Amino acid sequence: MRSSKRQPIERALGVRFGGEELYVWAFTHRSYAYENGGLPTNERLEFLGDAVLGLVVTDIIYRAFPDLPEGQLAKLRAATVNMNVLAEVARELGVGEAVRLGRGEELSGGRDKSSILADTLEAVLGAIYLDKGLSRAAALVRRLFEHRVMEAAGRGAALDYKTSLQELAASSLGGMPSYAIEEEGPDHAKRFTATVSVAGTSYGSGKGRSKKEAEQQAAREAFESLAANRMVTGTGDAGQTDVVPADPAPRADTLGE
């Protein structure tokens, strides 16, 4: 891979790799490796980068929210470190253009698959950790993810909309949410639509590149609709959603309650 092909992704990352070998390794998906004689894949780097990402994001959350209980800290981390968020960051950086894919993945739209983008971003973080050290890798993670942590925190009780909706439905609607999924498009570009219902009544719908993403969007719409009409102002001592009559002027951020 010529160095000129490295320049766009390196500019986006703000990092210049010290050697060609580590750069190539970070962007080698297993499909490419298997089609080219069993080259090393980026999966070991992905394993390492996942740990680096988790450590730095956990440190951000721990220091930024000193009064938040462990359960809410874990929810906030899960809202920030997940496939959909990582894929979004990877798209912004142009990771899809740099990853090396096998012919099958290439033809099936692999350059925009959320799972491949998320895994490759973690591999890149692992490579930067090996190449530049923890301080440089941590600085990059903070630049890419710190504002996303704060955005997730601003959503308060709804960090994980499916969980929050489940708690809310159980306490106020007397039932559990169920999801109906519809899909459309070719195999390499599937789009999913989810509709969430409780006791036979539909409360929200959402679209996404995966079933999980569509369900989260549907749960978000349902949760926010129910919250606006009735109820939600925070979480109780046991991490459960508190349900109260709607306030004419609800507070926007109750994450710390």
Exactly one condition in (1) farther than 17 Å from LEU53 by Cα; (2) in a helix (DSSP H, G or I); (3) out of contact with any Gly (no Cβ under 8 Å at 6 or more places or on another chain) is false for SER115; which is it?
(1)
Is it fair to say ASP242 is at pLDDT below 80, acidic (Asp, Glu) and in a strand (DSSP E or B)?
yes
Please work out which one of (1) closer than 23 Å to GLU213 by Cα; (2) among the polar types (S, T, N, Q); (3) over 20 Å from the mean Cα position of the chain (by Cα) is the condition ASN36 fails and give its number.
(1)
Candidate set from region 183-205 (those that are within 27 Å of SER108 (Cα to Cα) and aliphatic (A, V, I, L, M)); member that is modelled with the lowest pLDDT:
ALA189
Residues located in region 42-56, provided they are of a type outside the set (Gly, Ala, Ser), within 19 Å of LEU101 (Cβ to Cβ) and crowded, with 18+ Cβ neighbours inside 10 Å
ASN42, LEU45, GLU46
Hey, can you tell me all the residues within region 163-182 that are of a type in the set (D, E, K, R) and modelled with pLDDT of 85 or more?
GLU182
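The values are calculated or read from the model by the stated rules, or taken from the named source; none is laboratory data. If you're wondering where the values come from, they're calculated on a predicted model, not measured in any experiment. All Cβ positions, glycine included, derive from the backbone under ideal geometry; neighbour counts span all protein chains shown.
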